[in-house]
Amino acid sequence: MFTYLRTTRPGQFLVIGILFTILGFVAGGIYSRLAFYAAIFFLGFFAAKQAMVETVTSKSPNVDLLMILAALGAAVINYESEGAMLLLIFAGAEFLENFATDKSTNAIKELMAHVPSVAQVLQANGEVVEVPTEELKIGDIAVVSKGAQIPIDGLIDRKTQINEAALTGESLPVEKMEGDEVFAGTLNEGNAFHLTVNKTSDQTVFSNIIRMVEEAQSRPSKISKFIDRFEKQYVIGVLIAVPLFIFALYFFSNFAFEDAFYRGMVLLTVASPCALVASATPATLSAISNGAKNGVLVKGGAAMEALATMEILYSDKTGTLTFGDFQVMEYQIPESVLPEVVFMEQQSTHPIARAIVQQFSDLKLDGIDQTEPVEEIPGSGLKKGAIKVGKPSAFDGFHDEHQYRSKTAEDHTTVLVAEGQNIVGYIALSDQIRPEAIEAVDGFQEEGIQVQLLTGDNQAVAEKVAGEVGVDAFAAACLPEDKINFILRSQEDGQVVGMVGDGINDAPALATADIGVAMGSGSSVAMESADVVIVKNDLMKLLYSYRLSHRLNTIIKQNVVFAVGVIVVLIVLNLLGYLDLPAGVVFHEGSTILVILNGLRLLRMEDKSAAAQPAGEKSVQI
């Protein structure tokens, strides 16, 4: 806060204005008046500049203009001390609002601190040179030492251990194999390796997260938009009402012009909607900043505001309720077909595909045609020529269907393999339920929100996960369009719908839902489609954000009622002749400061959930 005062021009002018105001009260005679005039200049300079610019650009006056006119009017009738105090408190309120914005911006700076600014790049001659991260190009080879942060997204050349806590929140390191992708900002806890850059610095997962936080700050909530529209019309009304008020007092109530003008300046001061204008934005920015600090990126005030209205939450399974860290438990595939399956799975980023590729990482793929395209069938599987790999529901009508479909009755995720119209094999995999998902579902249900599981997995797995997690209902073997239909039906029933997912196939459902929520480790398409991104893959963070949204809406309502109440009371007191300018300044601008401080309380709200899984605790295997 004090850094802002020292290092910014508005902060410096505020300090100078305060000093001149103090000097005005200490000095006497002409020096006092000159000091107050100087204070009015320094305290009102940026407000006057902003008022003129916005009035010209938007072709409509704003609240800053009312404050400048009130201060100048007070100075005209020799109440320069009140004019200086008015602008002092107004500038102080502006400072607090800028402080809230600055705290929100700090969330970006904290995120950026996770990514190294330089990388060690291997040159063609074998020399290693230091290069700024933003200058790295696709294909460059970076050297990442043990214990170093990874500077950019890329593919590794050997086995290692990567701590992805900065992205996923999971403290245990993840084993990465040769050819696996690693992400900027994560930590190498294994062997040193060479990283082949596959994304530029503005395309990485972290850069996308930073961009989303920046965009969130420029997306106002519905109530902020309404207040902005109301402010323009209200300010015009005040500018018309004040001269009429002065005219009425002078001509119809036998007031001296100076007295009538004085009362008009009091009205101009107390009728200004400063506190009302500050009711929503500082609080909303504080909530967004708080969310970012706790690992949840909410894309703007409208999304933060809408979270509190959610009535039903649909959730994908893999990577959301479960870790999405599959292991191959059993398989039966002809040796001639297995290399084709592994090659096809190499073309996919799905967690099941990663598990299959890792299981058969030593398999030689030299004898297959790698030029034939691999087609991804959303929500179903993969196809390459006559070979098809995917979920059992995608093989209706195939030969030997019943023989292999019996494998899906087990509590594992099953992938079938077909050649032509003949099913020739299967792979059975297991996943683990996130312990915090159980706690989060229970928390949402306590809040009155219905939670339902929508998964593309088979009935047996879906039933087991639903039972372990405790959701209200579930649907198995869902295609992307099935998830959309569930959401649309709930919306037709008048419900506000949330959807949680992480994959490319979840993106349409996330975009359709009233509140789309993506897991941070998921696909970039899912994160782009969502309104909320859980950076650290912890559903308890979404529950916290839901409660934060409720708190935000409560504070905004408190601020609006308080601000309107103060304006009404002060206007009535002025009309009755019981309010002078000093009291009007203190009560009106004091209410603005109180409203802003009330909103800033959201910066200090803490996540008190005990969502972390104790070390060594086993997850439920499915």
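The values are calculated or read from the model by the stated rules, or taken from the named source; none is laboratory data. This structure is a prediction, so every number in the text was calculated from the model and none was measured. Reconstructed Cβ throughout: ideal geometry from the backbone, glycine too, with neighbour counts over all protein chains shown. Remember, those area values only see protein heavy atoms, side chains included, never the ligands or the DNA or RNA. Shrake-Rupley method; radii C 1.70, N 1.55, O 1.52, S 1.80 Å.
So here's what we get for this one:
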quantity	calculated
Cα-based shape type of the range 13-102, given that a ≥ b ≥ c are square roots of the gyration tensor eigenvalues and the cut on a/c is 1.5	oblate
Where the range 222-359 is the region considered: accessible area per residue in Å², 1.4 Å probe	40 Å²
With every protein chain in place, the chain: carbon and sulfur % of accessible area (1.4 Å)	57 percent
Environment charge at E372 (Cβ cut-off 11 Å; Lys +1, Arg +1, Asp -1, Glu -1)	-1
Positive-end extreme of charge dipole, the chain - chosen from A260, Q491, Q149 (charges on Cβ)	A260
Residue (of A280, H350, G467) at the positive-pole extreme of the chain, dipole from beta-carbon charges	A280
Nearest-0.05 FRET efficiency for H550 and L597, computed from C-beta distance (R0 22 Å)	0.65
Rounded to whole Hz, the Karplus (6.51, -1.76, 1.60) HN-Hα couplings of the range 253-269, x for glycine and proline	10, 6, 7, 5, 4, 4, 5, 5, 5, 4, 5, x, 5, 4, 4, 4, 6
Net charge over other residues, Cβ less than 14 angstrom from the Cβ of D180 (K, R count +1; D, E count -1)	-4
Simple label model, 7 Å out from Cα along Cβ direction - N78 to I22, nm	2.9 nm
Contour excess over end-to-end distance, with Cα ends at R9 and E492 and 0.36 nm allotted per residue	168.6 nm
Nearest-0.05 FRET efficiency for E463 and V561, computed from C-beta distance (R0 30 Å)	0.05
Cα pair distances of the range 434-579 binned at 5 Å [whole percent]	2, 9, 14, 18, 19, 11, 5, 4, 4, 4, 4, 3, 2, 1, 0, 0
MRE, 222 nm, helices only [DSSP H, n ≥ 4, -39500 (n - 2.57), over the chain, to nearest 500]	-16500 deg cm²/dmol
For R551, solvent-accessible area (1.4 Å; no DNA, RNA or ligand), Å²	80 Å²
Proportion of all alpha-carbon pairs of the chain beyond 41 Å (%)	41 percent
Cβ-placed point charges (K, R +1; D, E -1), dipole of the chain about Cα centre in debye, nearest 20	2560 debye
Farthest positive-ward along the chain dipole, Cα basis, beta-carbon charges - from Q445, G501, I593	I593
Efficiency of FRET from Cβ geometry, I236 and S361, R₀ 60 Å, rounded to 0.05	0.30
Cut-off under 5 Å, modelled amide H: who pairs with V118 long-range	T133
Net charge of Cβ neighbours under 13 Å - reference T160; Lys, Arg +1; Asp, Glu -1	-3
Note, ³J(HN,Hα) from phi for the range 282-293, Karplus 6.51, -1.76, 1.60, rounded to Hz, x at Gly and Pro	x, 5, 5, 4, 5, 5, 4, 5, 4, x, 4, 5
For the range 403-515, projected area of the alpha-carbon convex hull averaged over all directions, nm²	8.2 nm²
Ellipsoid semi-axes in whole angstrom, largest first, where each is sqrt(5λ) of the Cα gyration tensor of the range 458-535	20, 16, 12
